[in-house]
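Below is one structure, written out as structure tokens, with a few remarks after it.
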Amino acid sequence: MNYDNQNIFAKILRGEIPCDKVYEDEYALAFKDIDPKAPVHILIIPTGRYVSIDDFGKRASVEEVAGFFAAVAKIVNEQGLNKNGFRSIANTGVDGGQEVPHFHLHILGGGPVGPMVSKAG
Ligand code: AMP
């Protein structure tokens, strides 16, 4: 899948639309999900153009991958989520229910977030 420059997170990265920012560095931008599914619901995205976690793992440089996950660690610590824990989710593709085609990690916490997924039918 080719990267779509017009996806909403690309527009947020370019500053064309606003976000409720919680963290930014060279490798990652984090902001509050507009439709939170937990008391704390943050999206962390790489600053580079990657469609999914799969695309990120294949094409990102070692520096970008390290920088991204170092930012994840900083953010969950800053948000106090390391104490009681949190859930991270990267929805991918059609079966994963991915809506925005720019890799993003959902960070959900601030209280118990419930069962991981419904049981397989
Ligand atoms: P996914 O289904 O994994 O692609 O998740 C996309 C997420 O982006 C959803 O949880 C949306 O609520 C969230 N979202 C969509 N537009 C915005 C926006 N402008 N600012 C913050 N979150 C957004």
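Residue pairs whose Cβ atoms lie under 8 Å apart, sitting 6 or more positions apart in sequence or on different chains, and linking a residue in the range 64-91 that is in contact (Cβ under 8 Å) with a residue 24 or more places away in the chain and more than 16 Å from the ligand (Cβ to nearest atom) to a partner that is open to solvent by 50 Å² or more (accessible area, probe 1.4 Å) and of a type in the set (S, T, N, Q), are 76/82. For the range 55-121, the helices (runs of 4 or more DSSP H) that sit wholly inside it and include 3 or more residues that are open to solvent by less than 70 Å² (accessible area, probe 1.4 Å), at pLDDT 95 or above and closer than 14 Å to residue 30 by Cα are 62-78. Output yes when any residue across the range 6-24 is touching a Phe, Trp or Tyr at 6+ places or on another chain (Cβ under 6 Å), part of a loop (DSSP other than H, G, I, E, B) and over 15 Å from residue 90 (Cβ atoms), and no when none is. The answer is yes; a qualifying residue exists. Residues in the range 32-54 that are among the hydroxyl-bearing types (Ser, Thr, Tyr) and surrounded by fewer than 19 Cβ atoms within 10 Å (Cβ to Cβ): 1 in all.
The values are calculated or read from the model by the stated rules, or taken from the named source; none is laboratory data. No experiment lies behind these values; they were computed from the predicted model shown. Glycine gets a Cβ as well: all are built from the backbone with ideal geometry, and neighbour counts include every protein chain shown. These area figures cover heavy atoms from the full protein model, side chains too; ligands, DNA and RNA do not enter into them. Shrake-Rupley method; radii C 1.70, N 1.55, O 1.52, S 1.80 Å.
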